[in-house]
Amino acid sequence: MAKLGVNIDHVATVRQARRTYEPDPVWAAVEAQLGGADGITFHLREDRRHINDRDALLLKATVTCKLNMEMSIDRRIVDIAVGLAPGQCTLVPERREELTTEGGLDVVKLARRVGPVVKKLRGKGIGVSGFIEPIPEQVRAAADLGFHAVELWTGEYAHARTPKQIQTALFRLTEAIDVGIDAGLIVHGGHGLTYTNIGPVAALEGFTEFNIGHSIIARAVFVGLREAVREMKALVSPRQHE
Ligand code: PXP
């Protein structure tokens, strides 16, 4: 039964559109938890375009479920993560021009920079996940670097349009899940998942956690965040709601 991590970055994005105090992502975390979120995910970006340092501190002080900090491997961000000590850090690639995280972190190419970051965070007792593409070589490299988990990029699946593309993307995810489990990793999934496309991914054996942001926050505009989370939670862990 997979758990649901709710990414609240977009709440801060709306706040930053007016550089004001509302809507507050810390309130969003409370509402998401009341809707049944198993985790709260936020990305403290180097440019602080949405979540800022104050949010990170207050989230750490108030979130009672799993707190997952998405982050780059920049030294200053790593130092903040060490001080904050969230339950989990998820290492992601970060480019200033991007709208959102695009694709996975290349842990094969960046092994020499990523390895020490994983070691440092894990040395502080923080769980470390790596957001990577569902490619066996990437998954094995993540295990070798000491990650406790990987979050497989589900973007290829989310962007697939034809039945063949969808099947290919699901096959790649299945294969990467198996490689991950064999290598002793916990396997999460995320990116581009919505109320309409989550079904086949949630049905795959092996995913233990999904991190979902945009679709939940978009729905929350109409039904409220608590209800939006409740509805996604029922889709992510269907058997729990039978
Ligand atoms: N997982 C990771 C690592 C991400 O970077 C993001 C986007 O911030 C998500 C999950 C959530 O993606 P989406 O907003 O498309 O649901």
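Values quoted throughout were computed directly from the atomic coordinates according to the rules given, and no laboratory measurement underlies them. Just so it is clear, the model here is predicted, and its values are computed rather than measured. Every residue, glycine among them, receives a Cβ derived from its backbone with ideal geometry; neighbour counts consider all protein chains shown.
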Quick one: if you stick a label point 7 Å off each Cα along the C-beta vector at Trp27 and Ala203, how many nm between them? 3.9
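Relative contact order for segment 89-242: what percent, with Cα pairs under 8 Å and sequence separation of 6 or more?
Working: 233 pairs, mean separation 26.5, N = 154.
That works out to 17 percent.
Order these peptides, 31-44, 153-166, by their mean beta-carbon neighbour count within 10 angstrom, highest first.
Result, highest mean first: 31-44, 153-166.
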Going Cα to Cα from Lys233, which lysines come in below 23 Å? Please leave out same-chain ones fewer than 8 positions away. Lys3, Lys60, Lys66
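Any idea what the relative contact order of segment 13-64 is, in percent, if you count C-alpha pairs under 8 Å spaced at least 6 apart?
So the answer I get is 38 percent.
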Based on the Cβ-Cβ distance from Phe222 to Asp144, what FRET efficiency comes out when R0 is 35 Å, to the nearest 0.05? 0.20
Are there any helices in the chain, counted as whole DSSP H runs, that stretch 27 Å or more along their axis by Cα and score at least -0.5 on average by Kyte-Doolittle, and if so which? 163-182
Separation between the Val14 and Phe171 pseudo-spin-labels, each 7 Å from Cα along Cα→Cβ, expressed in nm? 4.1
Least to most buried among Glu94, Glu151, by other C-beta atoms within 10 Å and fewest first, runs Glu94, Glu151
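Taking the Cβ of Ala37 as the centre, find all other residues whose Cβ is under 10 Å away and add up their charges (Lys, Arg: +1; Asp, Glu: -1).
Combined, the nearby Lys, Arg, Asp and Glu give +3.
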